[in-house]
Each structure stands twice: as structure tokens, then as C-alpha cells.
Amino acid sequence: MVRRGSNADFIKNGAVQFILIFLIVPPAVFLTACNVDLFGIFASSSLEERLLSRNDFTLLKAEETRNITLGEEYSFLVLSDAHIENQDADGLEKLKEAASGSSFVVFLGDITQFGDYADLQIFIHIAKELSVPCYPVIGNHDVYFSNWAAYKELIGSSSYKVSADSAAIFFLDSANGTLGSMQLKWLNQELLGLKEQKKRVFVFTHTNLFVKSLFDHVQWKDDRERAKIISVLKDKCDVFFMGHVHREMFQKIAGVEFVTLDDYKSSKTYVKFFVTPAGFRREVKKL
């Protein structure tokens with residue numbers, strides 16, 4: 001009787017602990033990652049709505065999106081998750097000097113903390129001070145509180161392509177944790193069209209496709225879509241850049257280098273990426 005009672009208590013206590021872990025840990029991890037704000041998430045815009053504005057630019061000039069001259073050897077800067085808040089850019093003004101000698105700069109999403117109009121204006125001021133084109137990627141924070149309207153007005157398209165002499169560069173909207181069938185179909189068609197052109201192909205988006213541990217943050221909604229993305233990129237893309245997780249990760253899958261950047265907000269770092277006919281080299285630098 002005693003033994004059976006002990007086993008029952010053990011099973012009961014174990015079940016209670018499992019339920020508590022299941023209920024408490026996932027929300028805790030979710031809420032502590034990427035400065036998540038639940039009210040902002042529920043008020044964000046839809047991907048389909050944003051894709052209607054493809055190639056509708058405000059920040060970028062026409063000459064910065066097509067017929068760009070890069071040559072065979074060049075470099076560019078990439079940084080992610082700046083989370084500009086209360087009009088404080090955390091020293092991003094120094095990018096002007098850091099970008100000197102490079103061909104362009106990319107912001108990998110979560111440019112602002114809440115998609116605030118004034119904070120986007122701070123980013124635009126910094127971007128326009130650069131001596132090279134600055135290409136923004138939209139992140140989940142940039143559409144918080146239905147602020148897609150502000151992003152669209154001040155920056156423009158959230159999904160677009162930049163054509164250069166030696167490269168094709170894609171900027172994808174994954175702010176809702178998905179590329180969606182329409183955007184993925186467009187990317188696939190574009191990549192198939194480039195197959196015979198012998199150009200480098202770089203793709204930039206915000207949400208990370210991969211994690212290193214159970215405690216890493218990912219919001220990709222569909223594992224099947226992740227597999228489909230890798231299939232579309234296979235043997236057609238050189239490097240796929242991501243942010244969002246606030247952690248640096250590098251891996252190669254299906255011939256594609258997947259690079260996830262640490263967040264600028266806490267690390268004050270960016271990556272300088274060098275391209276040569278022989279391959280690629282990256283340097284993590286502090287601003």
C-alpha cells in the first residue's frame with residue numbers, strides 16, 4: 001500500500017511539474033527574446049498587404065536599385081536589430097565613417113523598436129548621410145502597432161530586388177515569420193532567371209530560419225516553408241543573411257551560406273563582408 005501510494009504521488013508530482021514547465025517556460029522564452037511586445041504583434045499588418053507595394057520606393061533612388069556597378073571585388077556592411085527607440089540611435093551615426101570604401105550598407109530589420117515615425121526619421125537621416133546606398137529590411141518590430149503605414153510612407157517597399165553588374169541582391173519581407181507563397185514564388189522565378197548569368201546572389205531577410213538550442217528564439221511559422229525556402233535557394237544563392245534572434249550563427253546547407261547576425265542594439269557590432277572572385281570573407285567589427 002505504501003509503495004503504491006508513493007508511486008502515485010511520484011506520477012502526480014511529475015505530471016504537475018510537466019504542466020508547469022509547458023505553461024511557463026515557452027511564454028517566458030518568447031517574452032524575453034527580441035524585446036517582444038504582444039500588443040504590437042497583434043496590431044501588426046499582413047504580409048499580403050505589404051507585398052502590394054513591391055518596388056514602390058521612397059527612401060531609395062532609382063539608380064540605387066538597378067544597374068549598380070560593383071565589379072568583381074567589393075565589400076558591404078550588414079547590421080541587424082538596431083531597435084532605435086526614443087530617437088536614440090546608439091551611435092549609428094558612426095556608420096558614415098565605417099561605410100567609407102564599401103559599396104553599400106544593409107539593415108537587417110528591427111530598425112526601430114516600435115515602428116515609431118520619429119525613430120524611422122532618425123534612421124533615414126543616418127541612411128542619407130552615408131556616401132553609399134543603404135538598403136533596409138523590414139522586421140517584426142518595424143510593423144508593430146500597425147506602423148506599416150509609417151514604414152511605407154518613409155521607406156517604401158518591404159520586398160524588392162537590386163540588380164548589379166556582378167550580383168543580384170534580394171530583400172525579403174519575413175516580418176510575420178513567413179515569406180508567403182506569393183513572395184516565395186517570385187523569388188524562385190527570379191533565381192531561375194539568373195541561372196545562366198553567373199552572378200553572385202545575396203538574399204537578406206529578418207527572421208532567422210535556424211536556431212542552435214531550445215532557448216533560441218525563432219518565429220518561423222511553418223517548417224515545411226523553411227524546407228521549401230532551402231530548396232528554392234539550393235545551388236542558386238551564395239549567401240542568405242538573417243537577424244532577429246540576437247545571436248551570431250554561421251552554417252552551410254545545400255551549397256548556401258546562412259549567416260545570422262548578432263544584434264547591434266546590445267553588441268554595437270556589424271559585419272563587413274568581402275567579395276572576391278575566389279570567394280567570401282567576413283569580419284565582425286565594433287562601431
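One residue is enough: does segment 178-200 have a residue meeting the conditions assigned to a strand (DSSP E or B) and not aromatic (Phe, Trp, Tyr)?
Step one: of segment 178-200, the residues assigned to a strand (DSSP E or B) are 200.
If we keep only those that are not aromatic (Phe, Trp, Tyr) too, we end up with 200.
Within segment 178-200, one or more residues are assigned to a strand (DSSP E or B) and not aromatic (Phe, Trp, Tyr).
For segment 241-287, a residue qualifies if it is in a loop (DSSP other than H, G, I, E, B) and on the phi > 0 side of the Ramachandran plot, and the qualifying residues are His244, His246, Ala254, Gly255, Lys268. Restricting attention to segment 236-287 and to residues that are more than 17 Å from the chain's Cα centre (by Cα) and charged (D, E, K, R), the residue that is surrounded by the most Cβ atoms within 10 Å (Cβ to Cβ) turns out to be Lys236. Report yes if Leu79 is buried (at least 19 other Cβ atoms within 10 Å of the Cβ) and farther than 23 Å from Ser174 by Cα, otherwise no. It is false that Leu79 is buried (at least 19 other Cβ atoms within 10 Å of the Cβ) and farther than 23 Å from Ser174 by Cα. Just wondering, is there one or more residues in segment 66-78 that are aromatic (Phe, Trp, Tyr), under 18 Å from the mean Cα position of the chain (by Cα) and at pLDDT 50 or above? Yes - at least one qualifying residue is present in segment 66-78.
Just so you know, in segment 145-171 the residues that are of a type in the set (D, E, K, R) and farther than 22 Å from Phe114 by Cβ include one that is surrounded by the most Cβ atoms within 10 Å (Cβ to Cβ), and it is Lys161.
So which residues in segment 181-203 are modelled with pLDDT under 90 and acidic (Asp, Glu), if there are any at all?
The one that is modelled with pLDDT under 90 and acidic (Asp, Glu): Glu196.
If you filter segment 204-225 down to residues that are surrounded by 15 or more Cβ atoms within 10 Å (Cβ to Cβ), among the aromatic types (Phe, Trp, Tyr) and part of a loop (DSSP other than H, G, I, E, B), you find that the one that is modelled with the highest pLDDT is Phe210.
Quick one: would you say Asn140 is farther than 17 Å from Gly243 by Cβ, polar (S, T, N, Q) and buried (at least 22 other Cβ atoms within 10 Å of the Cβ)? Walk me through how you get there before you give the answer.
Values: farther than 17 Å from Gly243 by Cβ: no; polar (S, T, N, Q): yes; buried (at least 22 other Cβ atoms within 10 Å of the Cβ): yes.
Answer is no for this residue.
The values are calculated or read from the model by the stated rules, or taken from the named source; none is laboratory data. Note that the coordinates shown come from a computational prediction; the quantities given were computed from them, not determined experimentally. Using ideal geometry, Cβ is built from the backbone for each residue, glycine included, and neighbour counts are taken over all protein chains shown.
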